[in-house]
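The values are calculated or read from the model by the stated rules, or taken from the named source; none is laboratory data. Predicted, not measured: the structure shown is a model, and the values here were computed from it. Cβ atoms come from the backbone with ideal geometry, glycine included; neighbour counts cover every protein chain shown. Side chains are part of the model used for accessible areas, which takes the heavy atoms of the whole protein and leaves out ligands, DNA and RNA. Shrake-Rupley method; radii C 1.70, N 1.55, O 1.52, S 1.80 Å.
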Amino acid sequence: MSVARRALVLTASATSAVLLAACSPSPAPSASNGAGAPAATSITELDYYADEQGSAAWQKILDTCATQTGIKIERQKVPTNQMLPKVLQSASSKTLPNLLFTDNPTLQQVAATGALTPLTDYGITTDGFYPSIVKAGTYQDKLYGVAPGVNGLALIYNKDLLQAAGVEPPKTWDELKAASAKLTKGGKYGLAFSAIPSEEGTWQFLPFFWSNGAELSQLDSPQSTQALQYVTDLVNSGSASKSVVTWNQNDVADQFVGGNAAMMINGSWNIARLDEQKSLHYGVVPIPVPQAGGKPVVALGGEVGTVPVTSGPAQQAAGKVLSCILSEPTMLEWSKAHAYIPSKTATAQKFGTEQPAMQAFVDEVGTARSRTAELGEKYPKVSQALADALQAALTGKTPVDQALKAAQQASGS
């Protein structure tokens with residue numbers, strides 16, 4: 001998911017020392033090195049952690065694994081919106097870096113070009129990883145990418161405003177609707193979310209869509225229609241601002257921090273920023289579901305590490321570095337630094353216990369879904385069609401059912 005990210009401050013220098021000692025990559029096979037080929041001592045790497053805090057946190061991870069493996073890492077970073085075009089162009093010209101970290105829903109599209117190598121070639125396994133995270137990195141039954149950590153969405157609320165209104169954190173759609181209405185007063189809204197006409201808007205809508213039983217292969221199903229009608233009603237009733245169609249997730253956080261919204265749908269990367277607001281008392285709960293007792297189904301966010309087709313020795317070296325990045329100590333350090341959830345189940349559970357503000361996000365990973373698991377490289381087209389339907393319905397341009405019928409036709413699925 002291409003989303004704004006804010007890093008939590010790296011705290012204990014002792015942790016880094018443990019990282020260096022504990023980060024032991026699995027030995028990769030040497031078959032593709034070629035007989036007698038010398039081992040590579042440096043690799044190139046590309047990512048989109050371009051913001052200052054996120055970039056610094058990622059650089060520390062790369063430095064740790066460079067020290068551990070003895071392999072120099074020449075890093076390049078680009079803005080998020082430039083990443084996929086650059087990767088596809090480089091795949092076409094066979095100039096991809098040795099190690100690539102890309103947004104997980106783009107993995108299928110990149111793998112379809114034949115530009116990536118299976119990670120099993122480097123001794124990388126998925127033992128202990130959440131199944132949904134493995135699916136996000138799989139294309140045609142081969143593992144091409146693995147994320148060291150993931151992010152997701154939850155309902156973040158202002159404790160003081162809810163307490164003053166006598167409102168409990170909502171768990172169901174009915175409770176969210178009632179709470180949002182009660183908290184809307186004095187020019188302030190009960191709920192804020194993003195519904196811009198891009199993947200960001202789709203990403204924010206998918207928890208409502210999937211939790212209601214809708215599927216991306218049938219955008220105009222009754223379950224999809226009900227989900228979009230629910231969100232549209234929140235805007236039409238005034239419980240959410242009509243400006244949600246122009247707010248990205250940073251804007252949503254601005255509204256929440258500024259006291260203009262009592263609750264927001266937003267991601268784990270906001271935790272560091274919220275902690276900086278000393279007068280803000282916030283809580284985090286899973287996104288409300290249609291019926292009591294249900295489990296929210298959110299979309300997995302985060303980046304997958306891949307090893308593109310380059311040269312034999314460099315590929316093997318990249319595999320060693322990726323193995324280090326995927327080791328549990330490094331995974332845990334990255335999650336703490338960037339407010340991500342570790343990709344291994346046991347590690348994530350421990351992390352949630354130690355980081356209470358992250359527990360709701362950890363709870364949701366077990367039922368989270370990969371956006372490309374169902375549609376593969378067809379997902380971007382379907383995502384845009386759904387985002388367009390969201391805009392059409394929320395702006396009042398088109399009735400919900402007609403907007404989704406148009407989306408189904410446009411998606412070609």
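Couple of notes before you dig in:
- Selection status of residue 145, within 24 Å of residue 320 (Cα to Cα) and either in the same structural domain as residue 271 (by the TED database) or open to solvent by less than 10 Å² (accessible area, probe 1.4 Å) (or both): yes
- Scope the stretch 56-88; condition more than 18 Å from residue 326 (Cα to Cα), assigned to a helix (DSSP H, G or I) and not basic (Lys, Arg); matching residues: 56, 80, 81, 82, 83, 84, 85, 87, 88
- Helices (runs of 4 or more DSSP H) contained entirely in the stretch 315-408, each with at least 2 residues that are outside the structural domain of residue 198 (by the TED database) and of a type in the set (A, V, I, L, M, F, W, C): 328-338, 345-354, 359-365
- The residue list 116, 176, 88 contains one member that is open to solvent by less than 30 Å² (accessible area, probe 1.4 Å) and assigned by the TED database to the domain that holds residue 309, which is 116.
- Of residues in the stretch 267-307 being assigned to a loop (DSSP other than H, G, I, E, B), more than 21 Å from residue 171 (Cα to Cα) and touching a Phe, Trp or Tyr at 6+ places or on another chain (Cβ under 7 Å), the one modelled with the highest pLDDT: 307
- No other residue among 159, 182 is over 21 Å from the mean Cα position of the chain (by Cα) and without any contact (Cβ under 8 Å) to a residue 24 or more places away in the chain apart from 182.
- Residue identified as surrounded by fewer than 22 Cβ atoms within 10 Å (Cβ to Cβ) and in contact (Cβ under 8 Å) with a residue 24 or more places away in the chain among 352, 294, 319, 302: 294
- Any chance residue 106 is assigned by the TED database to the domain that holds residue 136, open to solvent by less than 60 Å² (accessible area, probe 1.4 Å) and modelled with pLDDT of 95 or more: no
- Of all residues in the stretch 246-266, those satisfying the criterion of being over 24 Å from residue 165 (Cα atoms), under 16 Å from the mean Cα position of the chain (by Cα) and either open to solvent by 20 Å² or more (accessible area, probe 1.4 Å) or modelled with pLDDT of 95 or more (or both) are 248, 250.
For every residue, the table says whether it meets (1) assigned to a strand (DSSP E or B); (2) open to solvent by 40 Å² or more (accessible area, probe 1.4 Å).
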residue	(1), (2)
189	yes, yes
194	no, no
201	no, no
229	no, yes
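- Of residues in the stretch 38-55 being of a type in the set (Val, Ile, Thr) and outside any loop (DSSP other than H, G, I, E, B), the one surrounded by the fewest Cβ atoms within 10 Å (Cβ to Cβ): 44
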